[in-house]
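Read through the structure below, which is laid out as structure tokens, and then see the notes.
What follows is calculated from the coordinates using simple rules that are stated; it is not laboratory data. Everything numeric in this text was worked out from a predicted model, so none of it was measured. All Cβ positions, glycine included, derive from the backbone under ideal geometry; neighbour counts span all protein chains shown.
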2 protein chains.
Amino acid sequence: MSLLSFFTGKKKNTASVAKDRLQLILINERGQGGVSPDYLPRLQKELIEVISRYVKIEPNDIQVNVDRQDALEVLEVKIELPPHLQK
Amino acid sequence: MSLLSFFTGKKKNTASVAKDRLQLILINERGQGGVSPDYLPRLQKELIEVISRYVKIEPNDIQVNVDRQDALEVLEVKIELPPHLQK
């Protein structure tokens, strides 16, 4: 299954698709013997700061999820964008 | 299917899992009447610059894919990390 079909399948019901959305996903896959990098939280914060330079983001429009399993760490940031209010 | 199980399922064969990997995915979902933002290429470039401040990245270790379907635009950046050489 491709990434695109995964997200097309996840698209919400039409009512909530009126808003533009931006989703940032950061996946860290540790090789054998690799340790989880301690920089992910700082990196996540800085990536959101970069995005906020392109689009106006309200703090309560940001939803952050972190999921870990084995050598995989998935950081997901969902941002609901104001209707076409770009800088 | 959760994001984590999607990527756990995609994990490569063990031989190539020796290396740490970082994957950045940016998904833009346009609401009704939304237009595709022209800033995505610049945003992508800047996000990679931010990551390169945390980990040493060789240009040929970066693989960028862009996929579009309907109102969905998926930008995928795969980065193979040098073995534990972090700044």
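Other chains' Cβ within 10 Å of A:55-68 residues: what's the mean? Let's see the in-between values first.
On the way: counts 3, 0, 0, 0, 0, 0, 0, 0, 0, 0, 3, 1, 6, 1.
For peptide A:55-68, the averaged partner shielding equals 1.
Which whole number in µm²/s is D for region A:18-80 by Stokes-Einstein, with the Kirkwood Rh taken over Cα pairs at 4 °C and 1.567 mPa s?
Numbers: Rh = 12.8 Å.
Estimated diffusion coefficient is 101 µm²/s.
From the cross-link list B:Lys45/B:Lys78; A:Lys56/A:Lys78; A:Lys56/B:Lys56; B:Lys19/B:Lys56; A:Lys56/B:Lys78, which pairs have alpha carbons spaced over 25 Å apart? Mind showing how you got there, number by number?
Details: B:Lys45/B:Lys78 13 Å; A:Lys56/A:Lys78 14 Å; A:Lys56/B:Lys56 30 Å; B:Lys19/B:Lys56 14 Å; A:Lys56/B:Lys78 27 Å.
Beyond 25 Å between Cα atoms: A:Lys56/B:Lys56; A:Lys56/B:Lys78.
Between B:Glu46 and B:Val66, what FRET efficiency comes out of the Förster formula 1/(1 + (r/R0)^6) with R0 = 22 Å and r the beta carbon distance, rounded to 0.05? Before the final figure, lay out the partial values.
Working: r = 16 Å, r/R0 = 0.72.
After rounding to 0.05, the efficiency reads 0.90.
How far, in whole Å, is the closest Cβ of chain A from the axis that maps A onto B, and which residue does it belong to?
Nearest to the symmetry axis by Cβ: A:Ile25, 2.
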